[in-house]
């Protein structure tokens, strides 16, 4: 069991290191030597889990949609929560930063594809549920709308990255949602959506426990 736990920790350390290197240098300029140095593991340990730089990129991309968000009564709120949570984490999370850079790399994508397909699938499922709950306007097609959301989000995050190094991304993604949702949500659903820039931060901030009152 201890050996298995060490293997899991080593694999995670390698993926975290690969994410840092890919986020900083991109796929082409990144080297396995850089990743080894960042991870602090032996070449044998790395190659036990990943046999190439391509496999490392694929491993990082597989982590992109591993988000654990609280289910909401309004499914479109879950879509907003997804975008706002990613926006909140992107400036500091090397895995998400690497995923954004790898997915937009036209050269690297020939080797490992991108995370966009997984994001589209995840958002299509949310929109399908929203449609079943009568939250969406009649013309909405879940797949094409999911592709629109993913492409628009990536455009916004790229602009934010180049202009401000993501310091304003939560504001920009909030603005994006406020422009998109009126064309997606029914009026009654739209009124109930929280699209504020701090939505992601609030979702990821643990709620302090309620103090116990003493009884006399």
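No value in this document is a laboratory result; all are computed from the given coordinates. Computed from a predicted structure; not experimentally measured. Don't worry about glycine lacking a Cβ; one is built from the backbone with ideal geometry, like all the others, and counts go over all protein chains shown.
Helix 94-103 sits at what angle to the longest principal axis of the chain, using alpha carbons and giving 0 to 90 degrees rounded to 10?
Helix 94-103 sits roughly 90 degrees off the main axis of the chain.
Which whole-number percent is the relative contact order of the chain (Cα, under 8 Å, 6+ apart)?
22 percent
Using alpha-carbon pairs under 8 Å, 6+ residues apart, how would you state the relative contact order of the stretch 14-87 in percent?
RCO, the stretch 14-87: 30 percent.
Working from Cα positions, state the angle (0 to 90°, nearest 10) between the long axis of helix 2-29 and the longest principal axis of the chain.
80 degrees
Taking a cut-off of 27 Å, what percent of all Cα-Cα pairs in the chain are separated by more than that?
41 percent
Take the chain, connect every pair of alpha-carbon atoms lying under 10 Å apart with a spring to form a Gaussian network, then pick out the residue of 144, 113, 135 with the largest mean-square fluctuation.
Residue with maximal mean-square fluctuation among 144, 113, 135: 144.
What residue among 155, 26, 200 shows peak mean-square fluctuation when the chain is described by a Gaussian network model with Cα springs under 10 Å?
155
Roughly what angle does helix 116-132 make with the longest principal axis of the chain, taking Cα atoms, 0 to 90 degrees, to the nearest 10?
20 degrees
Provide Rg and Dmax in Å for the stretch 2-61, with only Cα atoms included in the calculation.
Both quantities, over Cα of the stretch 2-61: 10.6, 36 Å.
Where does each of 12-24, 49-61 land if you order them by average Cβ count within 10 Å, highest first?
12-24, 49-61
Taking the stretch 47-118, how much of its Cα-Cα pair set, in percent, is spaced more than 16 angstrom apart?
54 percent
If you project the alpha carbons of the stretch 93-216 onto the principal axes, what extent comes out on each, in Å, largest first?
Taking the Cα atoms of the stretch 93-216, the three principal extents are 70, 38, 26 Å.
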